[in-house]
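Notes to accompany the following structure.
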Amino acid sequence: MHELGITRNIVAIVIEHAKGSKVLRVVLEIGKLSAVMPDAIRFCFDVCSKGTQLEGADLEIIETPACFICRECSSEIVTNEFFVQCDCGSTHLECVAGQELNIKEMEVA
């Protein structure tokens, strides 16, 4: 479960930026193609934040779909699938979204 290590890093980054303030809310953006399971992050967040200024903070996760641009016809394809084909028949696609894992926002007291 690599989500535990990822969540530890998220908590450490938020603590660093909170500069000692109590954290009330953290918003994460997780792409559908990131291979990170949002439910596992939620579980690990409670464990990793225990005893820190994040303890009890709300965790909000925004799951972003994958977005590909066709290199043949420049069409944009938004999907939750890993393997896609453009309507033009091309499989030469560039992934432009869906692999991200970002700390989008944090709210402190």
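Taken together, the values in this text are just the output of simple stated rules run on the coordinates, not laboratory data. Quick caveat, the model's predicted, so the values are computed rather than measured. Note that we place each Cβ from the backbone using ideal geometry, even for glycine, and neighbour counts take in every protein chain shown.
A compact table of results
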{"quantity": "ALA109 paired with ARG71, simple spin-label distance in nm, labels 7 Å along Cα-to-beta-carbon", "calculated": "5.3 nm"}
{"quantity": "Test item: Cα-centred dipole of the chain, Lys/Arg +1 and Asp/Glu -1 on Cβ, debye", "calculated": "440 debye"}
{"quantity": "Simple label model, 7 Å out from Cα along Cβ direction - VAL27 to ASN102, nm", "calculated": "1.1 nm"}
{"quantity": "DSSP bridge orientation in the chain - percent antiparallel, rounded to nearest 5", "calculated": "70 percent"}
{"quantity": "Integer Hz, Karplus 6.51/-1.76/1.60 couplings in order for segment 39-52, x for Gly and Pro", "calculated": "5, 5, 4, 4, 4, 5, 4, 4, 5, 6, 8, 4, x, 10"}
{"quantity": "Difference of contour (0.36 nm per residue) and Cα-Cα distance, CYS95 to PHE43", "calculated": "15.8 nm"}
{"quantity": "Net charge of Cβ neighbours under 12 Å - reference CYS67; Lys, Arg +1; Asp, Glu -1", "calculated": "-3"}
{"quantity": "Amide H within-cut-off set for GLU60, under 5 Å, with H built and near neighbours excluded", "calculated": "VAL26, VAL27, LEU28"}
{"quantity": "Farthest toward positive dipole pole in the chain [+1 Lys/Arg, -1 Asp/Glu at C-beta], among GLN85, LEU101, HIS2", "calculated": "HIS2"}
{"quantity": "Peptides ranked, highest mean first, by Cβ atoms within 10 Å: ranges 13-19, 27-33, 39-45", "calculated": "27-33, 39-45, 13-19"}
{"quantity": "Helix 3-18 vs. the chain, principal-axis angle (Cα, 0 to 90°, nearest 10)", "calculated": "60 degrees"}
{"quantity": "Within segment 29-54, backbone nitrogen closer than 20 Å to the virtual label 7 Å beyond the Cα of LEU4 toward Cβ", "calculated": "35-52"}
